[in-house]
């Protein structure tokens with residue numbers, strides 16, 4: 001009995017990252033909203049400690065839903081003790097849809113929604129319970145407590161020795177595994193062998209708190225920490241999941257790419273640029289990111305010092321990339337046509353801006369060199385130019401203009417956007433000639 005009392009007392013103290021906040025450090029039993037069964041968690045903790053932490057020898061093979069349940073009950077307390085405000089169901093559901101593109105079914109008997117963060121597998125909705133590892137970087141959405149988490153082993157979130165000192169008896173015996181390939185017996189590693197466990201545990205706690213407060217409480221104070229310590233995830237929200245509504249996040253991710261002037265950018269560079277322009281959703285539809293185009297417009301100022309003219313160049317290059325039938329782009333023709341029309345209209349507006357005057361870099365080049373068979377024009381007409389303001393007017397005007405490169409013997413059969421930029425009337429930018 002004395003160990004249960006000790007476990008409960010130390011358990012609560014470990015769940016507050018900010019011990020100086022007296023208001024957060026109320027008695028465990030005074031927090032009526034927290035429903036945690038300590039006796040259900042303890043056997044799970046023992047099982048995980050006995051299994052060790054050697055992923056090479058399948059330490060996670062016996063984990064299941066009950067392990068995630070135990071983790072969730074702990075993390076629910078941890079979040080509440082550190083100021084997480086539980087969002088309303090409708091707000092949480094909308095956030096999950098807008099950020100990750102997943103729809104929560106609150107009538108489902110499943111408490112969890114699994115999100116695969118692997119770019120190639122984000123539409124895999126199969127619910128499986130497997131802890132976070134190199135091969136299983138799943139996010140779990142808790143539809144009951146309204147937060148997201150990795151599936152940590154309990155020792156990765158709890159200081160189990162401090163909470164229950166005598167629990168170390170479960171690690172006294174070595175874990176001996178028979179290596180069937182090498183036909184030898186080996187000693188598997190245990191949690192006690194991890195010298196970085198304490199540091200990683202604190203990081204996992206902070207990650208849980210910062211992600212959820214930033215995404216679901218709109219607590220922007222966590223942004224600097226996240227983009228410094230959780231860089232890949234924050235960037236993937238934009239480039240993998242297509243979440244561009246957070247302007248600060250979008251601008252950070254876009255500038256982080258550091259798109260620089262390259263006369264003939266590689267397919268890889270253009271693919272990365274395209275991730276900011278559109279996302280193919282799991283239902284097969286494409287989402288065109290007007291938010292990114294608005295950002296490019298804001299960044300593009302008529303100054304030779306800005307360096308952001310390169311974004312317009314990449315936009316023109318990307319249209320060239322999209323219209324090249326030899327490129328493997330996961331869009332059907334109608335989707336590609338709508339995307340190209342949107343980008344053409346955006347770029348063409350600068351032809352009519354005396355500060356820039358990009359001439360035939362967009363519609364001119366597209367009409368004379370990219371849509372030779374007029375199949376895109378027919379698709380545009382069929383869809384009434386997608387009701388994009390000015391596109392039909394500008395398209396018809398561009399058709400009447402003489403190709404400025406028609407008699408230029410220095411150009412290839414397919415002039416690149418940079419060649420058009422050289423011919424532009426733009427005087428102030430670094431690409432003028």
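No lab work stands behind these numbers, since they all come straight from the coordinates. Here the structure is a predicted model, which means the values were calculated and not measured. Please note: Cβ atoms are built from the backbone with ideal geometry, for glycine as well, and neighbour counts cover all protein chains shown.
Numbers at a glance
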| quantity | calculated |
| --- | --- |
| Segment residue 381-residue 334, extension gain: residue separation times 0.36 nm, minus the distance between their alpha carbons | 15.7 nm |
| Calculated FRET efficiency for the pair residue 272/residue 168, C-beta based, R₀ 45 Å, to 0.05 | 0.40 |
| Segment 31-160: translational diffusion in µm²/s, Stokes-Einstein, Kirkwood Rh over Cα pairs, 10 °C, 1.306 mPa s | 101 |
| Efficiency of FRET between residue 159 and residue 281 - r from beta-carbon atoms, R0 56 angstrom, step 0.05 | 0.85 |
| Residue order, fewest to most surrounding Cβ atoms within 10 angstrom, among 403, 54 | 403, 54 |
| Separation in nanometres of the label points that stand 7 Å from Cα toward Cβ, at residue 195 and residue 106 | 5.0 |
| Segment 83-135 and segment 172-230: distance between their alpha carbon centers, rounded to Å | 20 |
| Order of 114, 268, 187 under a 10 Å beta carbon neighbour criterion, fewest first | 268, 187, 114 |
| For peptides 286-298, 116-128, sequence by mean Cβ density within 10 Å, most packed first | 286-298, 116-128 |
| Compactness of segment 84-149 as Cα Rg over 2.2 N^0.38 Å, two decimals | 1.10 |
| Paramagnetic reach from residue 325 in segment 373-394 [backbone N under 18 Å; point 7 Å along Cα→Cβ] | 373-380 |
| Cβ-based exposure ranking for 361, 404, in which fewest neighbours within 10 Å come first | 404, 361 |
| nm² value of the averaged projected area, convex hull over the Cα atoms of segment 231-341 | 7.3 |
| Gain in span if fully extended, residue 260 to residue 219, counting 0.36 nm per residue against the direct Cα distance | 11.5 nm |
| Rg/Rg_globular for segment 94-236, with Rg_globular taken as 2.2 N^0.38 Å and Rg from C-alpha atoms | 1.26 |
| Among 327-333, 365-371, the order from most to least packed when residues are scored by Cβ within 10 Å on average | 365-371, 327-333 |
| Label-point separation, residue 374 to residue 176 (7 Å along Cα→Cβ), nm | 8.3 |
| Cα→Cβ-extended label distance, 7 Å offset, between residue 294 and residue 40, nm | 4.4 |
